[in-house]
1. At 1.567 mPa s and 4 °C, plugging the Kirkwood radius over alpha-carbon pairs of segment 38-104 into Stokes-Einstein gives what diffusion coefficient in µm²/s?
2. What is the Cα convex hull volume of segment 82-135 when expressed per residue in Å³?
3. Quickly work out the Q42-to-V29 label distance, labels modelled 7 Å from Cα along the C-beta direction, and quote it in nm with one decimal.
4. I need the peptides 100-113, 48-61 ranked by packing, meaning the mean over residues of other C-beta atoms within 10 angstrom, with the highest value on top.
5. How many angstrom lie between the C-alpha centres of segment 39-56 and segment 80-135?
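Read-outs throughout are calculated quantities, based only on the coordinates presented, and are distinct from any laboratory measurement. Remember, it's a predicted structure, so these values are computed and weren't measured experimentally. No Cβ is skipped: glycine too gets one built from the backbone with ideal geometry, and neighbour counts run over all protein chains shown.
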Amino acid sequence: MTTHVRIAFLGAACAAALVVLCSCASGPVTIPADLSAAEIFQRAQDASDRGDYPLAIRYYSMMPTSYPDDVVHNTWSSYEIAFLYHKMKRNALALSSINELLDRYDKEGDKLPPAPRVLALKLKVRLEEALKTKQ
């Protein structure tokens, strides 16, 4: 086999592999409604680790309706959503979300876990700086 034939064959094989891989791309993820709070958080974290921030936000957004009485998970999910918006460079939306979370602390502080508040305050400073430099 000559070099030109080998190169043409290799190019055709790569193109075929690319077509197969692209045709196997999955569609939108269907999220089961019966997930536990721990499963929601695990799947959200897995999506975030893969860089699929919109899917992670979808998972975290399930918490208030799925487990309205779970104060700890709902507080953490609010923080995580804001943080994911920041990772997506949607800093104005992230700051709005952080401010909503901090408002909850002003109203119900002693009922909420302290760690998300600490992280939210740090993120707020970072977001305000990012938004100032953007102007």
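1. Values: Rh = 11.8 Å.
Stokes-Einstein gives a translational diffusion coefficient of 110 µm²/s.
2. Numbers: hull volume 3.5 nm³, N = 54.
Here the figure is 64 Å³ per residue.
3. Roughly 1.4 nm, to one decimal.
4. Working: 100-113: 13.3, 48-61: 17.2.
Going from most to least packed, we get 48-61, 100-113.
5. 19 Å
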